[in-house]
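Peer 1: Before I ask anything, let me first share the structure, which is written out below as structure tokens.
What follows draws every value from the coordinates through simple rules; no lab data is involved. Small disclaimer: the values here were computed from a predicted structure and weren't measured. Note: ideal-geometry Cβ built from the backbone for every residue, glycine included; neighbour counts use all protein chains shown.
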Amino acid sequence: MEQSKRQTLARIAGDIRAGILRGVYHAASGHPGGSLSIAEIMTYLYFEEMSVDPENPKWEGRDRFVLSKGHCAPALYATLANKGFFPVEELDTLRKIDSRLQGHPDMKGIPGVDMSSGSLGLGISSACGMALTAKHKGEPWRVYTVVGDGESEEGQVWEAAMFAAHYKLDNLCAVIDWNGLQIDGPVTEVMNPTPHDEKLRAFGWNVVMADAHDFDSLEAAFAAARACKGKPTAIIARSVKGKGVSFMENKCEWHGTAPKEEQYRQAMAELGQEV
Ligand SMILES: Cc1ncc(C[n+]2csc(CCOP(=O)(O)OP(=O)(O)O)c2C)c(N)n1
Ligand SMILES: [Mg+2]
């Protein structure tokens, strides 16, 4: 990847992190940890990989995205706002009464949201249904979903994995955000879903490993997903929960806690962002 492109994407990921923090700070609630861990993934998807049109969010030919780990809505909202689906200032209304940006994504109210989500395990199944629809219709658009590693403890995720391989959904790409933590502890201690790579291969998936914070690694992974025919692809993306804010990194406590004013100021300063 050219250095200028890498720099542009890094700047956008920084803006997305700032948008996440703005939202949860003003809401005084929400989920910063798992939102920050997918900033580069969301950046790469919406600014390089997917065909979408902010002027026409319901365009039939668009690629679809399902945030299966719906609690990380702040990341999706910050991405959509920076892409131009709605004003960045609206991020300050996160979780407020009468705001359309509620704690979990709502496809009926928010431009650019293709599927409502929040109940873990369901989103990847919706993504499978969308991908099968595209196959039936002979449409070229692709479907992307981001699944949490804690979420992958849900049985329904594995039912979806079986379904996607059975129907040879090579237009489906599931990114597993492997940040190692879920709501109350390390994923491997709560209910160990690893090794994802061996299990998904056994289910019939193409599996690609990636560094979730490295755009070159993401570029290679998404290219490998596109190139694979006859199988769905899982990108297992190694990430850091709370990435970019020193005191949030790898801390379960920041799964669903909003920063206080001083912490917010410090976090924004670390990101080089205006408060
Ligand atoms: C079916 C269901 N059970 C429980 C929850 C509550 N919950 C919200 S986030 C979370 C942990 C998710 O962990 P992970 O998927 O690793 O998310 P991340 O680390 O990316 O934030 C849980 C249990 C939920 N949203 N849905
Ligand atoms: Mg996790």
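Peer 1: Of all trypsin sites (Lys or Arg not before Pro) in segment 93-122, which ones are in loop regions per DSSP and have a Cβ with at most 16 other Cβ atoms within 10 Å? Provide the component values of the computation, followed by the final result.
Peer 2: Numbers: sites: Arg95, Lys96, Arg100, Lys108; in loops: Arg95, Lys96, Arg100, Lys108.
Here the sparse-neighbourhood loop sites are Lys96, Arg100, Lys108.
Peer 1: Most mobile of Asn56, Asn171, Asn250 per a Gaussian network model of the chain (Cα springs, under 10 Å)?
Peer 2: Ranking Asn56, Asn171, Asn250 by mean-square fluctuation puts Asn56 first.
Peer 1: A further question follows. Grab the DSSP H runs of the chain that are 4 residues or longer, score each as -39,500 (n - 2.57), total them, divide by all residues and round the 222 nm result to the nearest 500 deg cm²/dmol.
Peer 2: Details: 10 runs with 111 residues, N = 275.
Mean residue ellipticity, 222 nm, calculated: -12500 deg cm²/dmol.
Peer 1: Please state the shape class of segment 139-219: rounded when a/c is under 1.5, otherwise prolate if a/b exceeds b/c and oblate if not, all from the C-alpha gyration tensor. Show your work: numbers first, answer last.
Peer 2: Details: a/c = 1.96, a/b = 1.28, b/c = 1.53.
The shape class here is oblate.
Peer 1: Oh, and also: Just to confirm the filter: which GluC sites (Glu not before Pro) across segment 1-95 are DSSP coil and have at most 16 other Cβ within 10 angstrom of their Cβ? Can you show the working numbers first?
Peer 2: Details: sites: Glu2, Glu40, Glu48, Glu49, Glu55, Glu60, Glu89, Glu90; in loops: Glu2, Glu55, Glu60.
Taking segment 1-95 and a limit of 16 other Cβ atoms within 10 Å, the loop GluC sites (Glu not before Pro) found are Glu2, Glu55, Glu60.
Peer 1: Going Cα to Cα from Lys260, which lysines come in below 26 Å? Please leave out same-chain ones fewer than 8 positions away.
Peer 2: Lys260 reaches Lys69, Lys96, Lys241, Lys243, Lys251.
Peer 1: May I ask for the distance between the Cα centers of segment 261-275 and segment 153-169, given as a whole number of Å?
Peer 2: If you average the Cα positions of each part, the centres end up 40 Å apart.
Peer 1: Next question, about the same structure. Mind telling me which of Pro74, Pro111, Pro140 comes out most flexible in a GNM of the chain, alpha-carbon contacts under 10 Å?
Peer 2: Evaluated over the chain, the most mobile residue of the options is Pro140.
Peer 1: Follow-up. Roughly how many nanometres apart are two label points built 7 Å out from the Cα toward the Cβ at Lys168 and His104?
Peer 2: That separation, rounded to one decimal, is 3.5 nm.
Peer 1: Now a separate question. Given the options Val24, Gln3, Val175, identify the residue whose Cα lies farthest towards the positive end of the charge dipole of the chain (+1 on Cβ of Lys, Arg; -1 on Cβ of Asp, Glu).
Peer 2: Val175
Peer 1: Could you identify which residue out of Ala227, Ala237, Ala73 has the top mean-square fluctuation in a GNM of the chain using Cα springs shorter than 10 Å?
Peer 2: Ala227
Peer 1: Take peptides 13-24, 202-213 and line them up by average Cβ neighbours within 10 Å, highest first, as a rough protection proxy. Kindly include the intermediate steps, with their values, before the conclusion.
Peer 2: Numbers: 13-24: 25.7, 202-213: 19.3.
Averaged packing, sorted descending, gives the order 13-24, 202-213.
Peer 1: Over the C-alpha atoms of the chain, what are the Rg and the largest Cα-to-Cα span, Dmax, in Å?
Peer 2: 17.3, 53
Peer 1: For segment 62-141, list log₁₀ I(q)/I(0) at each q in 0.18, 0.19, 0.23 Å⁻¹, using the Debye formula over Cα point scatterers of equal strength and ignoring solvent, two decimals each.
Peer 2: -0.74, -0.80, -1.05
Peer 1: What nm distance separates the two modelled labels at Ala269 and Arg226, each placed 7 Å from Cα along Cα→Cβ?
Peer 2: Using points 7 Å along Cα→Cβ, the separation is 4.2 nm.
Peer 1: Pull up the cross-link candidates among the lysines for Lys58, meaning alpha carbon to alpha carbon under 20 Å and not fewer than 8 places away within one chain.
Peer 2: Qualifying lysines at Cα under 20 Å: Lys83, Lys108, Lys135, Lys137.
Peer 1: Loop only by DSSP, 13 or fewer other Cβ within 10 Å of the Cβ. Give me the trypsin sites (Lys or Arg not before Pro) in segment 34-75 that pass, ordered by residue number.
Peer 2: On the way: sites: Lys58, Arg62, Arg64, Lys69; in loops: Lys58, Arg62, Lys69.
Hits after loop and neighbour filter: Lys58.
Peer 1: Return the lysines within reach of Lys199: Cα separation strictly under 19 angstrom, same-chain partners fewer than 8 residues apart disregarded; answer none if there are no such residues.
Peer 2: Lys168, Lys231
Peer 1: Sort segment 196-251 into rounded, prolate or oblate with this rule: let a ≥ b ≥ c be the square roots of the eigenvalues of the Cα gyration tensor; rounded if a/c is under 1.5, and if a/c is not under 1.5, prolate when a/b is larger than b/c, oblate otherwise. Walk me through the intermediate numbers first.
Peer 2: Values: a/c = 4.69, a/b = 1.87, b/c = 2.51.
Oblate is the answer for segment 196-251, as a/c is 1.5 or above yet b/c matches or exceeds a/b.
Peer 1: Shifting gears a bit: Percent antiparallel among DSSP beta bridges with both residues in segment 3-270, to the nearest 5?
Peer 2: Roughly 5 percent of the beta bridges in segment 3-270 run antiparallel, per DSSP.
Peer 1: Using the alpha-carbon atoms, what tilt in degrees (0 to 90, nearest 10) does helix 215-227 show relative to the longest principal axis of the chain?
Peer 2: Computed tilt is about 30 degrees.
Peer 1: Order by neighbour count: Trp158, Trp59, Trp178, fewest other Cβ atoms within 10 Å first, most last. Present the calculation step by step, with values, prior to reporting the outcome.
Peer 2: On the way: Trp158 17, Trp59 13, Trp178 22.
The most exposed by this proxy come first: Trp59, Trp158, Trp178.
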